[in-house]
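Comments concern the structure below.
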Amino acid sequence: MYNVRKDVYSVRMTRDHILSAAKVVLEREGIDGLTIRKVAQRAELSPMALYRHFADKDALLNALMEDGMSAWENIVRSIRAHDPLEWLLAIADAHLDFALTQPHRYDAAFFLPAPAARRFPDDFAAGRSPAIAMVMARVDQAKAEGRLCDRPTLEIALALVAAGHGFVSMHRANRFAGEKQFKALYRAAQRLLLDSLKPSRESK
C-alpha cells in the first residue's frame, strides 16, 4: 500500500512539474511557442518521459486550460457582492485583475485551442462552465427583479464576457495610451453595457 501511494504521489509530482514548465513556456513564448519539445526541455525530461504523463499535445493543452479555468472559477466563487448588478460589475473587475496579474493562466483558460474547451452555445446552456453559470444566475436574478431587460440570459452573459475579452485583447495590442487609460475605459464600458441592458424605463 505504501509503495502504491508513493508511486501515485511521484506521478502527481511529475505531472505538476510538467504543467509548471508548460506555464513558463506559454508565458515566455506564447501559444505558438508551446511545443512538447520545449516543455520537456524546461522540465528537464525527455519527450518520451513527458508522453508517459500526457498522451499528446492536446492532452497538455487540456490540462493547461483546466488549470487556468480552475483558477478563474475559484476567483469567481470568492466574489461576495449580494446585489446581482454589483456582482456583475465585481466579476468584470475580477476578470480585469486576472488578465493583468496572471496572464499565462488567463491565456490558458480563455485562449488556448484546447480540444476540451467549452463550446458555445451547448456547453454553456448545459451549465458545463461554472463561471458562466454563476453569471447567468445573477442575470436571472436581476431580470426577476425587473432590473435587466428580457433578453435571453445566455445572450446577456456572453455579451458581458465577450466585451471583457475584447478590451483585454485591445490592451495587449497596445491600442490604449497606457494601463491607467485601459482600466478606466474597460470599467466605463462594462457599466455602459450593463446600463444598455436595463429596461428602458430604468435607463432614462
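Read-outs: derived from the displayed coordinates by stated rules, not from any lab. Every value quoted in this text rests on a predicted model; they were computed, and no experiment measured them. With ideal geometry, Cβ positions are generated from the backbone for all residues, glycine too; neighbour counts draw on all protein chains shown.
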* To do: In whole Hz, with x marking every Gly and Pro, tabulate ³J(HN,Hα) for region 107-113 from phi via Karplus 6.51 cos²θ - 1.76 cosθ + 1.60, θ = phi - 60°.
  => 4, 4, 5, 10, 10, 5, x
* Rounded tilt (10° steps) of 153-172 against the dominant C-alpha axis of the chain -> 70 degrees
* Structure fact -> Between R175 and R37, Cβ-based FRET efficiency (R0 30 Å, step 0.05) works out to 0.35
* Set Lys and Arg Cβ to +1 and Asp and Glu Cβ to -1, take the dipole of region 65-203 about its Cα centre, and tell me which of A188, L112, Q141 lies farthest positive. => A188
* Express in % the proportion of alpha carbon pairs of the chain at distances exceeding 32 Å. => 28 percent
* Pairing the Cα long axis of helix 57-77 with the longest principal axis of the chain, what angle in degrees results, from 0 to 90 and rounded to the nearest 10? -> 40 degrees
* Asked: For the chain, how many pairs of lysine residues have a Cα-Cα distance under 17 Å, where the two are 8 or more positions apart or belong to different chains?
  -> 4
* region 38-133: equivalent-ellipsoid semi-axes (sqrt of 5 x gyration tensor eigenvalues, Cα, Å) -> 31, 16, 9
* Asked: Given a cut-off of under 8 Å on Cα pairs at least six residues apart, what relative contact order in percent is computed for the chain?
  -> 18 percent
